[in-house]
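What follows is a single structure, written as structure tokens, with notes after it.
What follows is calculated from the coordinates using simple rules that are stated; it is not laboratory data. Just so it is clear, the model here is predicted, and its values are computed rather than measured. Note: ideal-geometry Cβ built from the backbone for every residue, glycine included; neighbour counts use all protein chains shown.
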Amino acid sequence: MTVKDKVIVITGASSGIGETTAKLLAKHGAKVVLGARRATRLQAVVDDIQADGGQAVYQVTDVTKPAEVQQLVQLAQDKFGGLDVIFNNAGIMPTSPISALHTDEWNQMIDINLKGVLNGVAAVMPIFTAQKHGQIITTSSVAGIKSFAGAGVYGATKFAVRNLMEVIRMESAQEGTNIRTVSLYPAAINTELLHTITDKTAKRDMDAFYQQVGIEPSAVANVVNFAIDQPEDVNVNEFTIYPTKQA
Ligand code: NDP
């Protein structure tokens with residue numbers, strides 16, 4: 001079974017990596033179910049996909065709310081009769097030095113980038129366990145495999161989801177449930193992510209860096225497509241995606 005006809009839930013689908021991936025997978029025949037908070041943007045993505053002959057629905061979803069993530073997964077089953085993949089992609093990146101004590105933003109990152117992924121895992125796990133197959137793809141970051149000054153809490157959430165994906169893979173192998181997991185470690189990708197930075201110095205530095213080296217979100221979408229396209233007994237589970245220009 002390839003990407004074609006798979007039912008795929010995508011969080012953070014209203015812009016950037018999620019939007020681009022949704023469009024690519026739908027172009028290849030997947031049935032995509034989109035979640036994020038901005039209804040207008042989600043509707044526009046669905047309209048684009050349908051105009052291109054693809055199948056897509058959306059539901060306004062805040063990934064910090066377990067019931068809303070469960071409803072998104074339920075929508076996939078109601079509309080398309082099953083579920084094959086969840087792409088836990090929603091995230092924010094308000095970077096700042098720890099000494100600046102932006103503690104509200106620390107909590108938001110933990111709620112969205114970590115607990116949001118856990119909410120996705122909890123919503124699909126009963127389905128994947130019962131049907132003995134399923135794929136959980138999560139957007140970690142290069143900040144989830146090495147440390148960056150200014151990305152203390154952001155990196156903490158991304159290291160955490162990396163660990164989570166690997167443990168689910170191991171436990172599934174032990175339990176014989178055939179749940180595949182994929183961690184994505186993108187570097188600088190040109191999206192709306194930098195809009196979430198409130199620290200003025202961090203924002204200025206990141207804007208300048210991304211302008212120099214950033215690449216398009218299609219780089220990540222192509223990798224997701226590749227991972228979903230693998231045979232059921234193959235788990236390609238970790239990908240770094242760097243701009244050629246980024247050291
Ligand atoms: P964008 O800002 O373009 O996309 C982020 C998406 O997350 C949006 O669709 C946003 O939608 C959604 N989102 C944010 N908060 C919530 C929430 N509480 N509930 C539901 N959806 C939410 O940035 P990217 O495409 O770059 O980000 C996607 C992922 O990629 C993130 O996890 C990010 O950490 C990761 N990443 C990005 C890199 C980059 O350089 N761009 C590098 C490494 C990792 P809405 O506001 O409508 O809810």
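Running Debye on segment 1-116 with equal point scatterers at the Cα sites and no solvent, what base-10 log of I(q)/I(0) appears at q = 0.13, 0.19, 0.20, 0.24 Å⁻¹?
Taken in order of the listed q values, log10 I(q)/I(0) reads -0.49, -0.91, -0.98, -1.31.
How large is Rg/Rh for the chain, to two decimals, with Cα atoms and a Kirkwood Rh?
The Rg/Rh ratio comes out at 0.95.
Search the structure for amide H atoms under 5 Å from the amide H of Gly134, placed 1.01 Å from N in the peptide plane, and list their residues when 5 or more places away or on another chain.
Residues meeting the criterion, in which the H sits 1.01 Å from N, are Arg180.
For the chain, what's the relative contact order in percent, using C-alpha pairs closer than 8 Å and at least 6 residues apart?
Relative contact order, the chain: 21 percent.
How would you classify segment 101-228 from its alpha-carbon gyration tensor, with a ≥ b ≥ c the square roots of the eigenvalues: rounded for a/c under 1.5, else prolate if a/b is greater than b/c, otherwise oblate?
In terms of gyration-tensor shape, prolate.
Work from the charge dipole of the chain (Cβ charges, +1 for Lys and Arg, -1 for Asp and Glu, about the Cα centre) and give the residue of Phe128, Ile189, Thr11 farthest towards its positive end.
The residue sitting most towards the positive pole is Ile189.
What is the spin-label model distance, in nm, from Ala100 to Gln77 if the labels are put 7 Å beyond Cα along the C-beta direction?
So the label points at Ala100 and Gln77 sit 4.3 nm apart.
Using only the alpha-carbon atoms, what does segment 10-55 span along each of its principal axes? Please give whole angstrom values in decreasing order.
25, 16, 15
Can you sort Thr177, Thr21, Thr157, Thr40 by how many other beta carbons sit within 10 Å, fewest first?
Arranged by neighbour count, lowest to highest, Thr177, Thr21, Thr157, Thr40 become Thr40, Thr177, Thr157, Thr21.
Mind checking which helices in the chain clear 24 Å along their axis (Cα) and have mean Kyte-Doolittle hydropathy of -1.0 or more, DSSP H runs only?
Working: long enough: 152-175 (34 Å, -0.05).
Counting only whole DSSP H runs, the qualifying helices are 152-175.
Packing-wise, with mean Cβ within 10 Å as the measure, how do 93-104, 118-129 rank, highest first?
Top to bottom by mean Cβ count within 10 Å: 118-129, 93-104.
Give the Kirkwood hydrodynamic radius (Å, one decimal) of segment 54-127, defined as one over the mean of 1/r across all pairs of different Cα atoms.
Hydrodynamic radius (Kirkwood, Cα pairs) of segment 54-127 is 13.6 Å.
Give, in whole angstrom and from largest to smallest, the semi-axes √(5λ) of the equivalent ellipsoid of segment 38-82, with λ running over the eigenvalues of the Cα gyration tensor.
20, 15, 5
Given H placed 1.01 Å from N in the peptide plane, which residues other than close sequence neighbours of Tyr185 have an amide H under 5 Å from its amide H?
Phe239, Thr240, Ile241
Could you grab the relative contact order for segment 1-85? Cα pairs under 8 Å, six or more apart, rounded to a whole percent.
Relative CO of segment 1-85 lands at 32 percent.
Can you tell me the FRET efficiency between Ser147 and Ala39 if r is taken as the Cβ-Cβ distance and R0 is 30 Å, rounded to the nearest 0.05? Could you put the intermediate results ahead of the total?
Values: r = 37 Å, r/R0 = 1.22.
It comes out at approximately 0.25.
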